[in-house]
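One structure below.
The values are calculated or read from the model by the stated rules, or taken from the named source; none is laboratory data. Here the structure is a predicted model, which is why all the values come from computation and not from measurement. Don't worry about glycine lacking a Cβ; one is built from the backbone with ideal geometry, like all the others, and counts go over all protein chains shown. Keep in mind that these areas ignore ligands, DNA and RNA; they rest on the heavy atoms of the full protein, side chains included. Shrake-Rupley method; radii C 1.70, N 1.55, O 1.52, S 1.80 Å.
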Amino acid sequence: ILVPNRAFTLTVVSGYPGFFRSTPRNSSLFLSTEVFSSTDPPLTLAPRHTDVKFRLSAKNLDKKDIFGTSDPYVVVSYMADKVNGEIPLGTTSTIQDNVNPKWGEGFRIRYESGTNQRLHFVIWDKDAGEDDKIADITVRLGELVRSNGQMHIPLAPGFLLIEKA
């Protein structure tokens with residue numbers, strides 16, 4: 001019985017947006033000559049894993065400050081069917097007076113094909129008092145994996161751009 005056990009990392013080839021190469025990681029091929037009887041447990045294959053790296057930017061965000069701009073930051077978390085609640089992945093820096101921010105932080109998460117994993121993005125406007133919510137978005141991680149390198153998420157107004165790093 002041949003059982004492939006391969007993990008892949010998707011990486012953007014510099015200068016070619018949307019072009020990816022699959023890099024085998026910890027590739028192994030197991031060869032077994034054992035004969036399984038009907039009392040043996042069924043053979044199950046581990047799900048394929050992919051490390052997903054991404055960065056965030058946005059365009060034309062809602063102007064929440066009285067001076068006609070915003071000081072946006074994003075709180076990123078992870079959700080899955082087998083996980084109770086949300087797992088925080090991190091928070092971007094606050095970009096002062098900018099409705100077209102490009103955050104420098106990169107995020108990384110492991111994707112398992114065949115699962116219902118989601119990324120949750122909450123965009124906030126930093127204020128001296130209570131921060132104002134600009135947008136609240138949930139994206140299926142599988143959609144990001146299958147994208148051509150970036151996803152445009154419409155907001156009202158503007159959009160969030162998720163780019164594979």
- Query: Which of the residues that make up the range 80-109 are open to solvent by less than 30 Å² (accessible area, probe 1.4 Å) and not in a loop (DSSP other than H, G, I, E, B)?
  - Reply: 80, 90, 103, 107, 109
- Qualifying residue in the range 94-112 (condition: under 25 Å from residue 66 (Cα atoms), touching a residue at least 40 places away in the same chain (Cβ under 8 Å) and among the polar types (S, T, N, Q)): yes
- Message: Go through the range 49-79 and report how many residues are farther than 17 Å from residue 104 by Cβ, surrounded by 17 or more Cβ atoms within 10 Å (Cβ to Cβ) and among the aromatic types (Phe, Trp, Tyr).
- Response: 1
- Task: Specify the residue that is modelled with the lowest pLDDT; the eligible residues are those in the range 116-127 that are closer than 18 Å to residue 58 by Cβ and open to solvent by 30 Å² or more (accessible area, probe 1.4 Å).
- Result: 127
- Task: Output the residues belonging to the range 124-165 that are in contact with a Ser or Thr (Cβ under 9 Å, 6 or more places away or on another chain) and over 19 Å from residue 53 (Cα atoms).
- Result: 124, 125, 126, 132, 134
- Task: Filter the range 137-165 for residues that are among the acidic types (Asp, Glu) and either more than 17 Å from residue 101 (Cβ to Cβ) or assigned to a loop (DSSP other than H, G, I, E, B) (or both) and give the result.
- Result: 143
- Query: What pairs can you find where one residue is in the range 128-140 and over 19 Å from residue 59 (Cα atoms), the other is in a strand (DSSP E or B) and open to solvent by 30 Å² or more (accessible area, probe 1.4 Å), and their Cβ atoms are less than 8 Å apart, with a gap of 6+ or different chains?
  - Reply: 131/124; 140/118
